[in-house]
Amino acid sequence: MSHPPLTMFGPRITFLGVDACDLDDPATYADADVVILGAPLDGGTTYRSGARFGPSAVRQACYLPQDGSRPSLALRVDALKNLKVYDAGDVFVFSGDMARSVERIEAAVFKIASSGAVPVVLGGDHSIAWPDHTGVARHHGFGKVSMIHFDAHADTADIQFGSLVAHGTPMRRLIESGALRGDRFVQVGLRGYWPDEPVLTWMKQHRLRSFEMTEIVERGLDDCLTEAAGIALDDCTGVFLSVDVDVVDPGSAPGTGTPEPGGLSPRQLLDAVRRLCYELPVVGLDLVEVAPPFDHADVTALLGNRVVLEALSAIARRRRDQREGTTWDPREPLLHGRDADEQLDHIANGRVHGHRHSTDHEQ
Ligand SMILES: [Mn+2]
């Protein structure tokens, strides 16, 4: 395409400058590993809205050039180059018509999933998780795609303000429809004072596994994630990761609609997303509830951008390791095993000449 796709709000940009594609023209994303999609919908919020500006903020929140390249220091891959990543722009949604909006999002996500690519959906409020996971499950099979859900809130309410479609109900809709098995749905980071007992009873009846922050603090996040990964892999062919940025403490992610104190640190969330995307067959992901009107110094948008990058980098590393029969060692020192080592060895062994000038300059 000669120009980026349309975004609903703000300039016509793609995620960190990756190539654009057009979902109405399958040839433009036939070779895609990942397609990024904006879903600027916030009509499902129950408190303060503004997540409709999330996709444009998350796409560009970065101090480096928008050049479609991000080599990861830790994972030693350039996800935006090693994977074929496209940005399909935004689904045009009207936040005042939730039913029609989720239909459109589901259709767009299904197009991406059925092309063989991993859809990465930028919200928008959490209402979009219903069409996001459904669009993926329509391709991979209902009941075959588990979900690991990072959130302060369970999002398993039945009805909010008289509506079945709201940001506190998507997980209920997914389990009711059969797209998602209740016993293959894992929640991480719940806390606070919602939902109430009837909703918790419903969750228990449907055999959800919900890690509240107290359990996470007592056991350690890594231990909980090991259990979560086991559940997500059991009898499912793929895993959907749904990340509500409010799982992170509002001190580090203030730009969100329903902040609940006492959450994960950004470091914990990034490590968790990286680990799960490296270890599990992730077939879809959404990042929701970044609400720029409440952000300060872009900290929440920056975190959202890095959550997406961490996921993509881990997927890229997973695929490379599977192809080459290698493994990623998180304990490997940053500079170990890089090309420079080889060069220095050669110099030390007297096999390379003509490097005196460059080493002189480094003194
Ligand atoms: Mn949520």
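Each value in this text was obtained by applying a stated rule to the coordinates, not by laboratory testing. Bear in mind the structure is a predicted one, so any value in this text is a computation, not a measurement. Because the Cβ atoms are built from the backbone with ideal geometry, glycine has one as well, and the counts that use them run over all protein chains shown.
Each part gets one Cα centre, and for the stretch 1-74 versus the stretch 247-302 those centres are 17 Å apart.
Modelled spin labels at Ala107 and Asp329, positioned 7 Å past Cα toward Cβ, are 5.2 nm from each other. Starting from the Cα of Gln160, step 7 Å along the direction of its Cβ; do the same at Asp31; then give the gap between the two resulting points in nm. Each label point lies 7 Å from its Cα, and together they span 4.2 nm. For the chain, the share of DSSP beta bridges that are antiparallel, to the nearest 5, is 5%.
The mean of 1/r over all distinct Cα pairs in the stretch 15-332, once inverted, gives the Kirkwood hydrodynamic radius of 19.0 Å.
Legend: calculated FRET efficiency, Asp235 to Asp24, from the Cβ-Cβ distance at R0 = 45 Å, rounded to 0.05, equals 0.80.
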